[in-house]
Amino acid sequence: KDIPGLYPVVSMTDGVVSARGWLEKGGYRIGITAPSGAYFYYAHLDSYGSYQEGDEVKAGDIIGFMGNTGYGTEGTRGMFPVHLHLGIYINPQGKEELSVNPYYVLQAMEKKVKKYTY
């Protein structure tokens, strides 16, 4: 269903909220830095969970709700269908940052996540 705010977004990792707020292209977004240093980026949110920058989160905690925000000034909505932009970034041995394809991470985690029903 293409309804903003319907589907929860859960953290894929334990970590600390290191970014939260509006980005012109990403809309409402939240970033979590894992203990390993990996950065997990969730964008185009409709709204946030109760976490603020600096708060600790656990894998499986609700950090927001899927939306269609972004590509405009703060508060722009409805420019595209509801979806989640997920990015995972690592910096191995202090070298150049690498983007990780989240598909394989999600496949590996599929059996370990909480199930939400509507």
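Laid out as a table, the results:
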{"read-out": "Qualifying residue in segment 52-69 (condition: surrounded by 12 or more Cβ atoms within 10 Å (Cβ to Cβ) and among the basic types (Lys, Arg))", "value": "no"}
{"read-out": "Matching option when the condition is closer than 20 Å to residue 3 by Cα, within 10 Å of the chain's Cα centre (by Cα) and of a type outside the set (Lys, Arg), among 79, 66", "value": "66"}
{"read-out": "Matching residues in segment 70-103 - criterion: being in contact with a Ser or Thr (Cβ under 8 Å, 6 or more places away or on another chain), more than 19 Å from residue 33 (Cβ to Cβ) and surrounded by 13 or more Cβ atoms within 10 Å (Cβ to Cβ)", "value": "70, 76, 77"}
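Coordinate-derived values only; no laboratory data. No experiment lies behind these values; they were computed from the predicted model shown. A quick note on method: Cβ atoms are made from the backbone with ideal geometry, for glycine too, and the neighbour counts reach across all protein chains shown.
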